[in-house]
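No lab work stands behind these numbers, since they all come straight from the coordinates. Please read these numbers as outputs of a predicted model, since none were measured by experiment. Backbone-built Cβ (ideal geometry, glycine too); neighbour counts: all protein chains shown.
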Amino acid sequence: MAYTESTGWGCRCRSASARNNNSILYSILKSDSLVTLRQQSCSCGSTRRRGVLRTPQVTCKAASAVLVKTLHFVKNVPCFRELPDDEQLMLIRSGWAPLLVLGLAQDRVDFETTETVEPSMLQRILTGASERQSEVLSGQNRAAVGVSVVDIEAIKAFLKKCWSVDISTKEYAYLKGAVLFNPDLEGLRCVHYIQGLRREAHQALNEHVRLIHREDTTRFAKLLVALSMLRAISPLVVAQLFFRPVIGAVNIEEVLMEMFYGK
């Protein structure tokens, strides 16, 4: 396994296929994820509950600092910079949000929110708002009130999961590699190369865990569960929660490109 000091892992692709997950992973998935799935599929109207940051200036500043560090990490991954510019752009657009949340976990950035409630359709009718006015108010409320409490709880659950596992610096680096190199995006030309890089990141993580945590036979499975939780977090939610209170309705992708490419 090729390893570099700056990124924690190298660029050498392996042709060997990734090992299948054993039953331990599925048992952990069941115990850790079923509650979240039930919450997301709940039809009781809880999705109207929304939340905003309690201290937006402080939290958004911390998130911005993590974003800068995250982009610096990506820049220092040799395999990434060897890709065509358009594919780099696709990977950044796909991965910036999960990479940021992973960075929040690594830097132990916690945050508090305060809950508000979006007016229901019945409340709008009783207050005399027309259908058109209701649609406008709904859009305004979403912008002002924040994001769904369910989405906030998903981010917090991921952070707590990482902290409970006590992920090391090297493990975070391997996890970032697994997130960054996403071969499932439409339009990629270097699909097999990117797929090999993700496979190598998973293999390097597995080897590291086996070497350092020999007594913990469930650790690798727990890390994969954390990855699955991370991939379920919406980039739109991350942008609206951590950046919109400060930068407003600015296109976050344009900000990312300016920060990354210095344009």
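Each label point was placed 7 Å from the Cα along the Cα-to-Cβ direction; for Arg48 and Ala249 their separation is 2.5 nm.
Its residue count N fixes a reference of 2.2 N^0.38 Å for the range 159-203, and the Cα radius of gyration divided by that reference is 1.36.
May I ask which of Lys170/Lys222; Lys69/Lys176; Lys69/Lys222; Lys61/Lys222; Lys69/Lys160; Lys75/Lys161 have a Cα-Cα span longer than 19 Å here? Walk me through the numbers before you get to the answer.
Values: Lys170/Lys222 16 Å; Lys69/Lys176 12 Å; Lys69/Lys222 25 Å; Lys61/Lys222 30 Å; Lys69/Lys160 21 Å; Lys75/Lys161 27 Å.
Pairs exceeding 19 Å: Lys69/Lys222; Lys61/Lys222; Lys69/Lys160; Lys75/Lys161.
Each peptide in 213-225, 92-104 gets a packing score, the mean of other Cβ atoms within 10 Å over its residues, and the list from highest to lowest is 92-104, 213-225. Taking amide H atoms as placed 1.01 Å from N in the peptide plane, the amide H of Phe181 has no partner under 5 Å among residues 5 or more positions away or on other chains. Summarising the amide proton neighbourhood of Val147: residues at separation of 5 or more, or on other chains, whose placed amide H is nearer than 5 Å comprise Gly51. Along the range 72-89 the Karplus relation, 6.51 cos²θ - 1.76 cosθ + 1.60 evaluated at θ = phi - 60°, assigns HN-Hα couplings of 5, 4, 4, 4, 9, 8, x, 4, 5, 6, 7, 6, x, 4, 5, 6, 4, 4 Hz to successive residues, with x for each Gly and Pro.
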